[in-house]
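What follows is a short report on a single structure.
Read-outs: derived from the displayed coordinates by stated rules, not from any lab. Just so you know, these numbers come straight off a predicted model, no measurement behind them. Positions of Cβ are generated from backbone atoms using ideal geometry, with glycine treated the same way; all protein chains shown enter the neighbour counts.
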Amino acid sequence: MLQKNMYFCYHNGMNNLIRIKSGVSGLDDMFNGGLIKGSSVLLAGPSGTGKTMLGLQFIKEGLFLKENCVFISMVKDPADVLKYYDVLNVDWDKYINNKKLSLLYFNAAEIDRMIFRLKKIFSKSNIDRAVIDGLPCAVKPGYLVKIRTMINFFKDKHATSYFVTAVSEKNKEVTFDNASFPEMFNSIVLLKQKEEKNEYLKTIALLKAEGIIYDTKIRKVEIGRNGFKVKTVLDKEVMRAPAGSAPVIQLGNDIFLKSKKVEEYLINTFKEKFPQAIIDKPKSSLRYDLENIINDVKKDMGIFTLKFEDVYRLAKDDLLVSLDDYIEKKKFFKGSVEACTFKEKIFGIPDDASCRCLIYRKDLLDKHSVKVPSTWEEMVKAAQYITQKENKSKIAGLLFYNRKNWMSDTFMELLWSNGGNIFDEKGNINVSNKAALESLKFIQDLIYKFKVVPAGFNSQLFYEGRCVFFIATSYAYKEIINGEIPWRIKKILKPSLVSKLALAPLPQMKKNSRNFKILSGSAYCITKNTKDIKSAIMFLKLLTSEKTMRALELKAGHPFPSRVKLWKDKEILWQKPYYAQAEGIMEKYMIPYQSIENYKTINVVIQNETLKVLDRSKPIVDVLLGLESEIKVINKRCKDHERIAKKIIDYLELNYNRQIKLKDISAEVKLNAHYLEKIFKMQTNDTIFEYLIDLRIKKARELLEDTSNNVNEVAYKVGYSDAGYFSKLFKRKTRHTPSNYKLI
């Protein structure tokens, strides 16, 4: 999947300028797509305007993109500076320890020595981003030469540099004591503040941006829990409903499937405060496959639920609203919060969380005085002992819930618990390792050596009451005891079985070792295309409050609720005593789609290959070698596809104001038209021309900010010769006519 927050290239004559992201919401829009890599930027403004925070967000963005960064302070120890910026939610020590972030402390008189130190750093690894904080602008001419030397040093190394300086504000105008000083930089960002209605209003403006058609307007700035944010025209559109209108709440994909009574309570409670509120619910249930979800969220979808992995995917595609300011993280299960996080921002309020666990026949363990096993060795012995004693009943020792990718999940969980992974410490693919070999061999031994798993893997035996241990999710356990299983299974379910089952954490590979599980679950999200985001957030806060989530658990609910307090709620435990096991079951978890590139595709390959171990149709070593080879091919192919999609986007960015045909793009990218359409769809979940429409509408919104531009001119500038057709498209995408949009 092509990350929309990555840099892109465009060609300007003989120059090949690479754009990079600033890490500050709204600032890249002002630069018309991002900063130019290798350029120098002067951040200037009076004290208290957020200069240092803006610079550190620039470094934060680089660190998350695995770039090398340096933070230089000319005022105080940089380590002390970082202590006061934990609001940015960055583990600075982690990046310092792994050498991705270097800290230097020099004063203005030591620039020569500073450059010498930088040369030593560059000799070991390249630096991509640099921030120099506390640069004096009132300097003698001799120092100007040294500063220019430092600017050129970074430029020669293709490092993008921020120089932060404090300036005085006289007669409401920011001035530089030396007129030559600002001329040395490629771009100048000016921060100011003024008193308005008993508070200081902060603003940002670009005074200069060489080689860029940039935004010349003064923009408002917000500094909050997520750091520095520039308010743009898009914020006006999405963060409030049209003036004077009633709140509009859009509820998507059956979010109240659990309880219609809770739905009525929430809607009535909200309408008590906002009597004119409009509650907009879908006429039919939405489809749950990811491709259709992505198509839906590009419409006016509102509040909806997503699986954890889909939250991450859609956040990566910039389709969801950040909900950082609307969640009390400490009150939620840590893993759920992590699963809904992308680049340190939360894009979903967790609802429930689950992972695989051990469902066992409590009656059989009690009958034969066998303790609940805590290791795989203990479980094998317990299964062998009980099946031997119950020989007349012909019961199985262990079965797995035979759902999609169950074998892949089993292999990965055993591999992690055995101290292994599918890549080495350097990040290289390495599946044919000792831990992987042991893990697959153990799965095979469960069938052929220990004989506790029947060769057919028929999970039907468990529902018939003919199995001791069953590995499945906690959700599967809930379905069984509540009789919510599919009819085909309900027909064979032995009624007396329900009261005999109990729940426990998955066994460990070895005593006192880790037993990792893949975490799954769902969360409430808000799409960026929601009509009235402000009202949606108010409703979401009510929906995800402790009172509401408790009511949902008492009416229905899935194991386990993400609010940890509910695990120990007496009334809930009286209904669902197995919730007491939640902490132990989910104690060690993995979120593979965040840590393993292209995991969704790789997971399918692992499933298909490792299944060959069960029937011994292929030696384990050959399975692992083949798996390693296939994963390498997948990663290479994905990178090639990403590069192709990026080329197409670059072409569209350059030519959106022209009439574009598929054959033009095909000639530019030098690929068959059908093939590149397929690749682009795979990488962006958009067709090329739907992407082009979105791009043109985005450019049109920017042009409509300038009220001197009429609709016909804007239509022509973004590639439409027919203003009427453009207006229809614009309204379909923004819910406003171009003329009305100018008035927002």
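Taking R0 as 51 Å, what FRET efficiency do you get between ARG637 and GLU571 from their Cβ-Cβ distance, rounded to the nearest 0.05?
So the FRET efficiency works out to roughly 0.45.
In degrees from 0 to 90, rounded to the nearest 10, what is the angle of the helix 141-156 Cα long axis to the longest principal axis of the chain?
Between helix and principal axis, roughly 40 degrees.
Could you grab the relative contact order for the range 9-231? Cα pairs under 8 Å, six or more apart, rounded to a whole percent.
Worked out over the range 9-231, it gives 28 percent.
Taking every DSSP beta bridge that has both residues in the range 9-231, what percent is antiparallel when rounded to the nearest 5?
In the range 9-231, approximately 50 percent of DSSP beta bridges are antiparallel ones.
How tilted is helix 533-543 with respect to the longest principal axis of the chain? Cα atoms for both, answer in degrees (0 to 90, nearest 10).
30 degrees
Over the range 656-741, what is the relative contact order in percent, taking alpha-carbon pairs closer than 8 angstrom and at least six residues apart?
Relative contact order of the range 656-741: 27 percent.
What's the extension gain from ASN608 to VAL145 if we count 0.36 nm per residue and subtract their Cα-Cα distance?
Here the answer is 160.3 nm.
From Cα coordinates alone, what are the radius of gyration and Dmax values for the range 591-744 in angstrom?
22.4, 74
Given the pairs LYS490/LYS565; LYS531/LYS647; LYS21/LYS231; LYS271/LYS555; LYS66/LYS157, which are separated by over 26 angstrom at their Cα positions?
Violating the 26 Å limit, Cα to Cα: LYS490/LYS565; LYS531/LYS647.
In the structure displayed, which of LYS426/LYS639; LYS51/LYS100; LYS330/LYS570; LYS124/LYS426; LYS392/LYS478; LYS307/LYS510 lie more than 25 Å apart, Cα to Cα?
Beyond 25 Å: LYS392/LYS478; LYS307/LYS510.
Rounded to the nearest 5, what % of DSSP beta bridges with both residues in the chain are antiparallel?
The answer is about 60 percent antiparallel.
For the range 84-164, what relative contact order do you get, as a whole percent, if you take Cα pairs closer than 8 Å and at least 6 residues apart? Walk me through the numbers on the way to the answer.
Numbers: 46 pairs, mean separation 26.8, N = 81.
Dividing the mean separation by the residue count of the range 84-164 yields 33 percent.
Return one quarter of the surface area of the convex hull spanned by the alpha-carbon atoms of the range 9-231, equal to its mean projected area, in nm².
Details: hull surface 50.1 nm².
Reported value for the Cα convex hull: 12.5 nm².
For the residue pair LYS330 and LYS99, what label-to-label distance in nm results when each label sits 7 Å from Cα along the Cα-to-beta-carbon direction?
For LYS330 paired with LYS99, the spin-label model returns 3.8 nm.
Which loop trypsin sites (Lys or Arg not before Pro) in the range 484-552, with loop taken from DSSP, have no more than 11 other Cβ atoms within 10 angstrom of their Cβ?
On the way: sites: ARG488, LYS490, LYS491, LYS500, LYS510, LYS511, ARG514, LYS517, LYS528, LYS531, LYS534, LYS541, LYS547, ARG550; in loops: LYS491, LYS510, LYS511, ARG514, LYS528, LYS531.
Of the trypsin sites (Lys or Arg not before Pro), the ones in loops of the range 484-552 whose Cβ has at most 11 other Cβ atoms within 10 Å are LYS491, LYS511.
Would you calculate, for the chain, the mean residue ellipticity at 222 nm contributed by helices, counting each DSSP H stretch of 4 or more residues as -39,500 (n - 2.57) and dividing by all residues, to the nearest 500?
Helix-only estimate at 222 nm: -12500 deg cm²/dmol.
Less than 17 Å apart at the alpha-carbon level, and either on another chain or at least 8 residues along: which aspartates and glutamates does that give for LYS717?
By straight Cα distance, LYS717 reaches ASP215, GLU653, ASP694, GLU702, GLU705, ASP706.
Restricting attention to the alpha-carbon atoms of the range 675-737, what are Rg (one decimal) and Dmax (integer), both in Å?
13.1, 43
May I ask you to sort MET549, MET379 by Cβ crowding, counting other Cβ atoms within 10 Å and putting the fewest first?
Listed from fewest to most nearby Cβ atoms, that is MET549, MET379.
Using Cα positions and a limit of under 19 Å, work out the aspartates and glutamates in reach of LYS155, with same-chain residues fewer than 8 apart set aside.
Candidates past the 8-residue exclusion: GLU67, ASP112, ASP128, ASP133, GLU183, GLU210.
Under 12 Å Cα-Cα from LYS511, which aspartates and glutamates qualify once same-chain neighbours fewer than 8 residues away are excluded?
Output for LYS511: GLU377, GLU378.
Points 7 angstrom from Cα along the Cβ direction at GLU222 and GLU377: gap in nanometres?
Here the answer is 5.6 nm between the modelled labels.
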